[in-house]
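The values are calculated or read from the model by the stated rules, or taken from the named source; none is laboratory data. In this text the structure is predicted, and so the values were computed from the model without any measurement. Counting neighbours? That spans all protein chains shown, and the Cβs are built from the backbone with ideal geometry, glycine included. These area figures cover heavy atoms from the full protein model, side chains too; ligands, DNA and RNA do not enter into them. Shrake-Rupley method; radii C 1.70, N 1.55, O 1.52, S 1.80 Å.
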Amino acid sequence: MYLQKQLDRHYIFDNLDTVELAKEFGTPLYVISENLIKYKCSQIQNDFLNKYPNTKAAYASKAFLTLAMCKIIEREGLGLDVVSGGELFTAISAHFPMEKVMFHGNNKSFEELELAINNNVGRIIVDNLYELEILQNIAKEQNKKVKILFRINPGVPGKTHKYISTGQIDSKFGICIEEESLNFALKKTIDSPNLELMGFHFHIGSQLFDNKSYLAALNIVTGLMKNLKDKMGFITKELNIGGGFGISYSTREKTKPISFFIDPIMKSIEDNCSKLKLERPTIIIEPGRWIIGEAGITLYTIGSIKEIPNVRTYISVDGGLPDNPRPALYGAKYEAIVANRPYANRELTATIAGKCCESGDILIWDINIPYVKPGDVLAVLNTGAYNYSMASNYNRLPKPAVVLISNGKPHVIVEREKYEDLISKDKIPNHLL
Ligand code: LLP
């Protein structure tokens with residue numbers, strides 16, 4: 001009887017029945033839990049901002065950004081890291097407090113920088129000398145004093161997938177610290193009445209688990225701070241150590257609390273600063289994935305099932321690579337639950353395929369799963385980060401809707417695209433009409 005009851009139950013995500021969500025809003029569907037976002041933000045509040053004075057945290061919006069997300073982040077008291085005119089425009093449109101916005105990017109355009117300065121964004125993280133030149137001209141033109149950080153490249157690789165490691169010397173990001181150019185940039189900035197250099201930024205990579213690379217980078221950067229103080233009298237007021245805190249994509253392992261990353265980092269900063277007789281600057285972190293990754297799931301409807309005897313069973317769903325390119329891009333691994341039979345025995349080993357015209361469109365290889373039939377609902381877990389934000393219209397698939405669960409109620413925060421949206425920017429030249 002008890003077992004029967006379990007078998008009848010559906011997979012519940014943040015108090016809501018996911019099968020009902022799929023029925024009401026259609027699939028594929030991104031579902032995001034406001035509670036889970038808030039829970040992560042409260043950990044940052046308690047274990048970083050309240051625990052260590054003179055600290056700030058910004059959410060890396062590239063992981064997932066919509067107008068509603070801006071509002072949640074604002075309410076949670078965090079700043080926002082943006083990396084393009086589009087992300088900045090989203091923040092402006094949501095009336096996000098601009099002084100809490102940090103603008104990153106290795107090739108910001110004149111227009112993007114102008115938009116940022118027009119709107120008085122809090123910090124511009126200058127990545128290279130070309131950008132510094134443009135920035136100086138715009139700031140002068142507008143007669144403003146713009147607060148900046150230099151993104152430096154500490155020459156420390158992040159232990160992660162090659163595509164998301166950024167701290168190594170051979171990287172498109174940041175100013176090399178050995179370079180003459182850093183001294184040149186510093187001098188130029190310090191002499192400029194329109195720029196105010198507040199300090200430095202580095203970001204080693206994403207989905208990192210061990211602190212060794214942060215600590216190695218901190219040794220290098222605090223050494224640099226000491227050098228600049230002794231040689232130029234420059235005092236570093238702010239140090240932004242980027243994001244990158246990893247999460248678990250597996251239900252067998254728990255994600256580490258923020259203190260796992262933060263405590264050794266803060267200890268190393270305090271130790272280095274006291275050893276080098278430096279005043280500890282304001283420390284800024286900018287996690288993306290750690291805040292939003294586990295707060296999202298994606299719901300799909302199962303369609304065709306192809307069994308190749310002695311080879312493999314393919315279970316196809318109504319989305320795939322366009323809503324989640326991470327397995328194809330980084331070999332990312334996800335787990336899934338059959339939402340209408342979450343407790344059924346996982347008797348089958350199968351591969352979850354997307355619906356795109358390419359063999360690489362596989363969401364999960366060789367998952368243990370119950371026997372399924374067309375129409376069953378599949379929930380892929382931990383899809384909150386870099387899924388919606390990296391979604392495409394490959395094969396002209398309309399992008400899924402995003403539903404936010406807040407206090408037990410679902411709210412559509414991004415509407416599902418329609419076929420009409422797909423052609424809304426298309427034009428036919430006269431000679432083809
Ligand atoms: N700050 C900077 C300057 C960054 O470049 C990034 C991520 C972050 C913060 C936030 O990193 P997080 O805390 O989310 O790890 N598309 C890839 C991830 C690319 C991350 C790029 N930069 C993925 O799906 O894994």
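Cβ-Cβ distances below 8 Å connect the following pairs, each with a first residue in segment 343-359 that is more than 13 Å from residue 307 (Cβ to Cβ), a second residue that is modelled with pLDDT under 95 and part of a loop (DSSP other than H, G, I, E, B), and a separation of six or more residues or different chains: 343/9. Screening segment 158-208 for residues that are aromatic (Phe, Trp, Tyr) and not in a loop (DSSP other than H, G, I, E, B) and picking the one that is farthest from residue 385 (Cα to Cα) gives 184. One residue stands out among those in segment 212-240 that are under 18 Å from residue 55 (Cβ atoms) and within 14 Å of the ligand (Cβ to nearest atom): the one that is surrounded by the fewest Cβ atoms within 10 Å (Cβ to Cβ), which is 239. When you scan segment 172-182, how many residues do you find that are within 13 Å of the ligand (Cβ to nearest atom) and surrounded by 17 or more Cβ atoms within 10 Å (Cβ to Cβ)? Adding up the residues that qualify gives 2. Residues in segment 101-123: is at least one open to solvent by 50 Å² or more (accessible area, probe 1.4 Å), closer than 30 Å to residue 211 by Cα and touching a strand residue (DSSP E or B) at 6+ places or on another chain (Cβ under 6 Å)? No, there is no match, as no residue in segment 101-123 is open to solvent by 50 Å² or more (accessible area, probe 1.4 Å), closer than 30 Å to residue 211 by Cα and touching a strand residue (DSSP E or B) at 6+ places or on another chain (Cβ under 6 Å).
Just wondering, is there one or more residues in segment 213-222 that are polar (S, T, N, Q), out of contact with any helix residue (DSSP H, G or I) (no Cβ under 6 Å at 6 or more places or on another chain) and under 28 Å from residue 289 (Cα atoms)? For segment 213-222, residues polar (S, T, N, Q), out of contact with any helix residue (DSSP H, G or I) (no Cβ under 6 Å at 6 or more places or on another chain) and under 28 Å from residue 289 (Cα atoms): present. Within the bounds of segment 66-85, is there any residue that is open to solvent by 30 Å² or more (accessible area, probe 1.4 Å), within 16 Å of the ligand (Cβ to nearest atom) and assigned to a helix (DSSP H, G or I)? So far as segment 66-85 goes, no, none of its residues is open to solvent by 30 Å² or more (accessible area, probe 1.4 Å), within 16 Å of the ligand (Cβ to nearest atom) and assigned to a helix (DSSP H, G or I). Considering each residue of segment 143-157 in turn, at least one proves to be at pLDDT below 95, closer than 30 Å to residue 388 by Cβ, within 16 Å of the ligand (Cβ to nearest atom) and surrounded by 20 or more Cβ atoms within 10 Å (Cβ to Cβ). Of the residues contained in segment 399-414, one or more are found to be crowded, with 17+ Cβ neighbours inside 10 Å and under 12 Å from residue 324 (Cβ atoms).
Take the conditions (1) within 16 Å of the ligand (Cβ to nearest atom); (2) buried (at least 17 other Cβ atoms within 10 Å of the Cβ); residue 333 misses just one of them, which is (2).
Restricting attention to segment 273-317 and to residues that are open to solvent by 40 Å² or more (accessible area, probe 1.4 Å) and of a type in the set (D, E, K, R), the residue that is nearest to the ligand (Cβ to nearest atom) turns out to be 294. I'd like to check something: does segment 23-31 contain any residue that is assigned to a loop (DSSP other than H, G, I, E, B), open to solvent by less than 20 Å² (accessible area, probe 1.4 Å) and within 15 Å of the ligand (Cβ to nearest atom)? Within segment 23-31, none of the residues are assigned to a loop (DSSP other than H, G, I, E, B), open to solvent by less than 20 Å² (accessible area, probe 1.4 Å) and within 15 Å of the ligand (Cβ to nearest atom). Has segment 94-115 got at least one residue that is small (Gly, Ala, Ser) and in a helix (DSSP H, G or I)? So far as segment 94-115 goes, no, none of its residues is small (Gly, Ala, Ser) and in a helix (DSSP H, G or I). Counted as qualifying within segment 340-383 are the strands (runs of 3 or more DSSP E) with 1 or more residues that are aliphatic (A, V, I, L, M) and over 18 Å from residue 30 (Cα atoms), namely 348-353, 362-369.
Count of segment 124-142 residues, restricted to those that are closer than 20 Å to residue 239 by Cβ and open to solvent by 20 Å² or more (accessible area, probe 1.4 Å), is 1.
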